[in-house]
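The values are calculated or read from the model by the stated rules, or taken from the named source; none is laboratory data. Quick caveat: nothing in here was measured; it's all calculated off a predicted structure. Cβ coordinates were reconstructed from backbone atoms using ideal geometry, including for glycine residues, and neighbour counts include every protein chain displayed.
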Amino acid sequence: MSDDRQQEGRRRWLAVLARAPRARLAAALDDVPAGHGLRVLRPAETGLVMVRGRAGGTGERFNMGEMTVSRCTVADGEGRLGVGVVAGRDRAKAELVARLDALMQDPALGPALDRDLIAPLAAEQAAAAAARAGRAAATKVDFFTMVRGDV
């Protein structure tokens, strides 16, 4: 697999893991066989990151403000690094994400974790996003199609 495809896959599963409930992540780790030698390189810590945006989505960049995040880094016995960055102050969740990221990179465990954890979580998150979009679309008013009755 090319580096670009690997990075895109990793980006995808990290986004899914970061939005997942902590209990689901902990349960997934409980199901993984022991013996992977995961060790914490950078303990979970909480800090701030600057959130940037673009005017109109494509224009000039600007700083929107700061956001609280928690992050953690772990390594397995093979030298693979797992990182976890989550919104908010949930340091335990950041460590769970980092551990799962390292395990997802393991060729023996990654496909099963993708099938049993990442795919169902991604489907649930997509369904929730579609439901939110549907509720928002129901309140949309298109002023350009309104016509006066006496015209």
Per the filter on segment 25-41, residues surrounded by 15 or more Cβ atoms within 10 Å (Cβ to Cβ) and either touching a Ser or Thr at 6+ places or on another chain (Cβ under 9 Å) or closer than 30 Å to GLY65 by Cβ (or both) are LEU25
So which of ARG24, ARG11 ends up being basic (Lys, Arg), within 18 Å of GLN125 (Cβ to Cβ) and touching a residue at least 40 places away in the same chain (Cβ under 8 Å)? ARG24
Where in segment 26-94 are there strands (runs of 3 or more DSSP E), lying fully within it, with 2 or more residues that are modelled with pLDDT of 90 or more and over 17 Å from the mean Cα position of the chain (by Cα)? 39-54, 61-75
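Residues checked against (1) out of contact with any Ser or Thr (no Cβ under 9 Å at 6 or more places or on another chain); (2) under 23 Å from VAL51 (Cβ atoms); (3) basic (Lys, Arg):
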residue: ASP90; (1), (2), (3): no, yes, no
residue: ASP106; (1), (2), (3): yes, no, no
residue: LEU109; (1), (2), (3): yes, no, no
residue: LEU113; (1), (2), (3): yes, no, no
residue: PRO120; (1), (2), (3): yes, no, no
residue: ALA129; (1), (2), (3): yes, yes, no
residue: ALA133; (1), (2), (3): yes, yes, no
residue: ALA138; (1), (2), (3): yes, no, no
Can you pull out every residue in segment 42-65 that is surrounded by 10 or more Cβ atoms within 10 Å (Cβ to Cβ) and farther than 16 Å from LYS93 by Cα? LEU48, VAL49, VAL51, ARG52, GLY53, ARG54, MET64
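State the number of residues belonging to segment 100-128 that are more than 14 Å from the chain's Cα centre (by Cα) and in contact (Cβ under 8 Å) with a residue 12 or more places away in the chain.
Number of matching residues: 7.
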In segment 1-14, how many residues are under 8 Å from the mean Cα position of the chain (by Cα) and farther than 19 Å from PRO111 by Cβ? 0
